[in-house]
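Novice: One structure is given below, represented as structure tokens, and several questions about it will come after.
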Amino acid sequence: MGQKLKKAKRISDLPPYLFAEIDRRKREALARGVDLIDLGVGDPDIPTPSAVVEKLRDAATKPVNHRYPSSAGLLQFRQAVADWYLKRFGVKLDAENEVVSLIGSKEGIANMAVAFVDPGDLALVASPCYPVYHIGTLFNGGKNYFLPLTRENRFLPYLESIPSDVSQQAKILWINYPNNPTAAVAERDFFTRVVEFAHRHQIIVCHDAAYTEMGFDGYRPMSFLEIEGASEIGIEFHSLSKTFNMTGWRIGMAVGNRELVAGLAQVKSNVDSGIFQAVQEAAIEALRLGDDIVEPSRRVFQERRDILVSGLRAAGFDCDMPRATFYVWVAVPKELTSAEFTAKLLDDAGVVATPGNGFGAAGEGYIRFTLCVDKERLKEVTERIRQVRF
Ligand SMILES: *Cc1c(COP(=O)(O)O)cnc(C)c1O
């Protein structure tokens, strides 16, 4: 039996979990009664807008919603996504064929590789990154080629430096702007180069757009699909999680090229049965209200960003002012590694951050803070950090 209890190779071959050490120190500190401030987790602390919660309450009482949903999503939900894309980005989508609902975008990202990555296929992954992109490749027997995001290239992958045999072989490219963990943003010229590159080498582009609604100072990030030719080679993943403070609800969408959407939908129809329809009805309401309910939390995160960034800079740290996302990406003092710096912050200040190398080798030399605690606690963070000697 022992042999048979062995995990499948796809699990045992996973790269080591780099947050184990920080998790252990966190548990120890909590056990000692330390008043930890956790800026490690990217999960909004702000509740879902009440209009959306009310809608769920009503929708939950309807027996029609108690039955299996369709795995592609209610056509009304997909139409609401299409309407929102048109209003927000000027992108026209056919709700029936170019939109699929997701049980959170994480699910869709993982299943995208099931649909399009065969053993031996090569994925280009801009890194540091949200880990699901490259884990999806590995689970399906593919190989990852990482495109390092550095401060010198404004955390945008330098496509021109990819060896030509690699671009020739690559099947799929993963990018994410506004970016987690670096908080970098991409403009039209970058996305245009991505579309040209993808057409030249016949590569599928997967753009994770989870943070387009979290722009600050009036900045409105764009959709990758706004670029001419993008819908011929690309798919965009979106989510209500960060936009509407709905991480627990598990609802997102993938939109774009119809063959890519169909491939993903086909996988899903074989492994899941969609999203509780009442949640879809509430999501329709969220998309309909749009900016009216996003703007209040945008203002909250912007104020928090200003407090944390100015506090960190006053304490001598080096970080860019994020134009979007609820992350702050901070350069670690020269003589320390990301892990050492994170450990020191935890032990000496009771502040939890995430070491940048946990998002990929190119993240070494940085740590990531989230803005998911209230402003008083963030002021406390900057006070505590000011007192730590590095
Ligand atoms: C939070 C996050 C997601 C996904 O969230 P879901 O809740 O699964 O929709 C996707 N991509 C990035 C980069 C994220 O930070």
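The values are calculated or read from the model by the stated rules, or taken from the named source; none is laboratory data. Worth saying up front: this structure is predicted, and the values here are computed from it rather than measured. We place every Cβ from the backbone using ideal geometry, glycine too, and count neighbours over all the protein chains shown. We work out accessible area using only protein heavy atoms, side chains counted, and drop any ligands, DNA or RNA first. Shrake-Rupley method; radii C 1.70, N 1.55, O 1.52, S 1.80 Å.
Novice: Looking at 340, 285, which one is under 30 Å from residue 95 (Cβ atoms) and either out of contact with any Gly (no Cβ under 8 Å at 6 or more places or on another chain) or touching a residue at least 12 places away in the same chain (Cβ under 8 Å) (or both)?
Specialist: Sole residue among the options that is under 30 Å from residue 95 (Cβ atoms) and either out of contact with any Gly (no Cβ under 8 Å at 6 or more places or on another chain) or touching a residue at least 12 places away in the same chain (Cβ under 8 Å) (or both): 285.
Novice: If you don't mind, another one. Among the residues of region 180-193, is there at least one that is under 20 Å from residue 358 (Cα atoms) and out of contact with any strand residue (DSSP E or B) (no Cβ under 9 Å at 6 or more places or on another chain)?
Specialist: no
Novice: Let me ask something additional. Hey, among the residues in region 65-99 that are within 16 Å of the ligand (Cβ to nearest atom) and touching a Leu at 6+ places or on another chain (Cβ under 6 Å), which one's least open to solvent (accessible area, probe 1.4 Å)?
Specialist: 99
Novice: Determine whether region 240-261 contains at least one residue that is more than 16 Å from the chain's Cα centre (by Cα) and surrounded by fewer than 20 Cβ atoms within 10 Å (Cβ to Cβ).
Specialist: Within region 240-261 (the criterion being more than 16 Å from the chain's Cα centre (by Cα) and surrounded by fewer than 20 Cβ atoms within 10 Å (Cβ to Cβ)), the answer is yes, since at least one residue qualifies.
Novice: Still on this structure, I have one more. Does residue 59 satisfy the condition of being outside the structural domain of residue 326 (by TED's automatic domain parsing), part of a loop (DSSP other than H, G, I, E, B) and of a type outside the set (Phe, Trp, Tyr)?
Specialist: no
Novice: While we're on this one: Using beta carbons and a limit of 8 Å, which pairs, at least six apart or on different chains, have the first residue in region 225-246 and more than 21 Å from residue 214 (Cβ to Cβ) and among the acidic types (Asp, Glu) and the second one at pLDDT 95 or above and in a helix (DSSP H, G or I)?
Specialist: 228/195; 232/199
Novice: Shifting gears a bit: Would region 219-227 turn up any residue that is under 30 Å from residue 166 (Cβ atoms), open to solvent by 10 Å² or more (accessible area, probe 1.4 Å) and within 17 Å of the chain's Cα centre (by Cα)?
Specialist: Looking through region 219-227, at least one residue is under 30 Å from residue 166 (Cβ atoms), open to solvent by 10 Å² or more (accessible area, probe 1.4 Å) and within 17 Å of the chain's Cα centre (by Cα).
Novice: Could I ask something else about it? Look through 208, 217 and report the one residue that is more than 23 Å from residue 123 (Cα to Cα), of a type in the set (Asp, Glu) and in contact (Cβ under 8 Å) with a residue 40 or more places away in the chain. Break it down into steps so the answer makes sense when it comes.
Specialist: Numbers: 208 fails: more than 23 Å from residue 123 (Cα to Cα).
Being more than 23 Å from residue 123 (Cα to Cα), of a type in the set (Asp, Glu) and in contact (Cβ under 8 Å) with a residue 40 or more places away in the chain holds for just one of 208, 217, which is 217.
Novice: Separate question: Just to be sure, is residue 62 within 30 Å of residue 357 (Cα to Cα), open to solvent by 20 Å² or more (accessible area, probe 1.4 Å) and at pLDDT 95 or above?
Specialist: Here the answer is no, as residue 62 does not meet what is asked.
Novice: State whether one or more residues within region 279-297 are more than 16 Å from the ligand (Cβ to nearest atom), surrounded by fewer than 19 Cβ atoms within 10 Å (Cβ to Cβ), of a type in the set (Lys, Arg) and more than 22 Å from residue 78 (Cβ to Cβ).
Specialist: no
Novice: Also, quick follow-up: Hey, among 173, 138, 159, which residue is more than 15 Å from residue 359 (Cα to Cα), crowded, with 24+ Cβ neighbours inside 10 Å and in contact (Cβ under 8 Å) with a residue 24 or more places away in the chain?
Specialist: Only one candidate qualifies: 173.
Novice: Considering only region 106-130, how many residues are out of contact with any helix residue (DSSP H, G or I) (no Cβ under 7 Å at 6 or more places or on another chain) and surrounded by 18 or more Cβ atoms within 10 Å (Cβ to Cβ)?
Specialist: The qualifying residues number 4.
Residue-wise test of (1) within 22 Å of residue 212 (Cβ to Cβ); (2) basic (Lys, Arg).
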| residue | (1), (2) |
| --- | --- |
| 80 | yes, no |
| 87 | yes, yes |
| 90 | yes, no |
| 97 | no, no |
| 103 | yes, no |
| 109 | yes, no |
| 117 | no, no |
